[in-house]
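The values are calculated or read from the model by the stated rules, or taken from the named source; none is laboratory data. Bear in mind the structure is a predicted one, so any value in this text is a computation, not a measurement. Positions of Cβ are backbone-derived with ideal geometry, glycine not excepted, and every protein chain shown enters the neighbour counts. Surface accessibility is based on the protein's heavy atoms, side chains included, excluding ligands, DNA and RNA. Shrake-Rupley method; radii C 1.70, N 1.55, O 1.52, S 1.80 Å.
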Amino acid sequence: MSTGEQAIVRRARRYLAHAGARSRIALWQLPTIIAVLLVALASPASWADPAARPLVVASIVVLGVACVGALALPWDRLPDQLVLAVPVLDLVALGLMRNASAALQGIAALAIFPIIWIAASMRSALWALLVSFTAPLVMTLPSLIQAFAHGTPAGANSSIFLAVLLLAVAVAIRAATTGLHLQERELRAQRARLRRLLLESQSTERLLAAILEAVSVGIVAVDSYGTPVRTNRRFRELVSPFDLPAAAPVDADLQLYARDHRTPLAPLQQQLERAAQGERIDGEVMWLGEGSDSAALSVSSRAVDGPRGGAVVAFADVTALANAAEDKAELVRTVAHEFRSPLTAVLGNVDLVLESESLASDDRLRLDVAQRSAERLLELATDLVASSSHSVPIRLEHADVGAVVSARAEAARLTAVAAGVQLAVEVGEPLWARADPLRVGQVIDNLLSNAIKYSPDGGTVTLRGALKDGWITVEVRDSGMGIPSHERQRVFERFFRTSQARRSDIPGVGLGLAISSWIAERHGGGLACESQPGRGSVFTLTLPVAGPA
Ligand code: ADP
């Protein structure tokens, strides 16, 4: 169909859609009326014949009734199939006229107009085709009877031909309108589906907006480049003290700091980009901004599935919690610090008394116990201060970690023998690193004493120092009680002890690994743990390598 034709069809559809039922029926009726008028005007003699007049008059009356009915009845309020009475009346009128005189027989062909109407509009296809075929036969019934009565069946040919022709027209019309109806029904169903989807998505959108505004967590949705596409009220409140443009903080260089409130992290925008690239952030605590307005945020992110990608990043304000934890650490630090001076005084005085020759051996034994206990308490106080302030001084120098490993293994040998543990050491070559030998030694001591302590049934502890992929690794492997997987990462937390360690009477406070891990990080390395409950654990210290001095 050309564009011009399409435009005409569109205009006609629009007209029909806006026209009322009465106008539509009048339009259907128009071709029959015009055709009858044209025939009447073309051969006035044929209907002016006095013999034909009664049937012609009857035909005009029926046609008139059909026209008046088409124009006057309130079709909008009547059953829609009732309208087919109009083409049926047309057929009756045409039949009467056709039989009025021999000259008017050709008028039967005009039945094509009402037949098209019936074929296009009747609900039942079977009835439509039946009417299309029988109506011309009924209209030409006198000719048919005459033909058969006179024994000239050939005279019936034109009637049968007309019936077959109109049936064929009806079939074609029916096929075309059925396709159209199906298309229209499909379109209507599609439109309804779309409307339903639109309503659903609008209500989901409203629900989402309400949830976003109701939660006390700052939420920002970013596209695949990390550009915020949606933020909630809480997020805008969190960033507002820092003059961040709420809608698009793309260029915002809003500074974030690590848990210690000092170490700078990548700015906020880069954290958003991390999330946009699909990295999953799980409750990382960061400080947003500096000074009294700064807020501690627990950041989590999840990537958005789908072709457009992006991510949703949630910022929970944990400032109160972080401040409380900081207050607790401050309290522990102060108390532990205050313990150290009196303990040092106690130890100094016990030392002095122990130096005395005249001391009775019983008193000496008691003082030895007091000295060891005081030393233990001093160690604990020192660990508490170190762990709560992260203030262990680190003095980096060019050091052979291999030598430190061997020395610490020798120092631990007596304890291992006493615990029934076999200690194996494997360090082949010097392992040069920029490290603080004292602190690295402290870490190895802690790992070794743990490996021995948590092997209550004896077994083997292997200490291995090696160079691997540009890193120095010190591995402490034991065949002791092991650590269940759900507790493995937590052993590096301050004061954390596994449930089994707490149940058994093995002494400890859960500070050694926290301090060791912090020392390893300060060296630019790390401390990792692998373990199988009941089979043993492996703690691996990694330090960046440095060439020989
Ligand atoms: P402490 O040994 O004083 O309790 P640590 O910080 O050194 O403190 O260790 C924390 C916890 O980790 C221990 O309480 C223990 O539950 C667990 N742990 C450490 N090393 C081992 C090990 N080699 N085998 C089994 N559990 C261990």
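State whether the range 359-427 is rounded, prolate or oblate according to the following rule on the C-alpha gyration tensor (a ≥ b ≥ c being the square roots of its eigenvalues): a/c under 1.5 gives rounded; otherwise a/b larger than b/c gives prolate, and the remaining case gives oblate. Cα axes put the range 359-427 in the oblate bin. Packing, taken as the mean count of other beta carbons within 10 Å per residue, orders the peptides 175-184, 494-503 from highest to lowest as 494-503, 175-184. Per residue, the average separation of C-alpha pairs within less than 8 Å and at least 6 apart gives the range 397-544 a relative contact order of 24 percent. Nearest 10 degrees is fine. How inclined is helix 512-522 to the longest principal axis of the chain, computing both from alpha carbons? Taking the Cα atoms of the chain, the angle to 512-522 is about 80 degrees. Of the beta bridges in the chain, as assigned by DSSP with both residues counted there, near 90 percent are antiparallel. Heavy-atom accessible area, probed at 1.4 angstrom with all protein chains present, ranks E475, E273 as E273, E475, highest first. For W75, W432, W117, the ranking by accessible surface with the largest value first comes to W432, W75, W117, using a 1.4 Å probe.
Each DSSP beta bridge with both residues in the range 397-544 is either parallel or antiparallel, and the antiparallel ones are about 80%. Can you work out the PRE-style zone for H181? Point 7 Å along Cα to Cβ, and I want the residues of the range 121-150 with backbone N under 13 Å. Once the point is set 7 Å along Cα→Cβ of H181, 121-129 turn out to lie under 13 Å by backbone N, inside the range 121-150. When only Cα pairs below 8 angstrom with a gap of at least 6 residues are kept, the chain shows a relative contact order of 7 percent. With all protein chains present, calculate the accessible area of M97 using a 1.4 Å probe and round the result to the nearest 10 Å². Ignoring ligands and nucleic acids, M97 comes out at about 20 Å².
For the chain, taking the reciprocal of the average inverse distance between every pair of different Cα atoms yields a Kirkwood hydrodynamic radius of 33.9 Å. For a paramagnetic label modelled on E284 (point 7 Å from Cα along Cα→Cβ), amide N atoms under 19 Å away belong, within the range 515-545, to 518, 521-522, 524-527.
Rounded to the nearest 10 degrees, the inclination of helix 85-98 to the longest alpha-carbon principal axis of the chain is 30 degrees. Across the range 3-189, Cα pairs under 8 Å and at least six residues apart give a relative contact order of 19 percent. Note on R376 and R53: their simple-model spin labels are 14.1 nm apart, each label 7 Å out from Cα toward Cβ. Mind listing which trypsin sites (Lys or Arg not before Pro) in the range 353-416 are in a DSSP loop and have 14 or fewer other Cβ atoms within 10 Å? The qualifying sites are R395. Rolled with a 1.4 Å probe across the full set of protein chains, the surface gives F133 an accessible area near 70 Å².
Extension gain for I145 to L41 (0.36 nm times residue separation, less C-alpha to C-alpha distance): 34.4 nm. For the chain, the longest principal axis of the C-alpha atoms and the axis of helix 3-18 are separated by about 80°.
Based on every Cα atom in the range 448-541, Rg and the maximum pairwise Cα distance Dmax equal 13.0, 41 Å.
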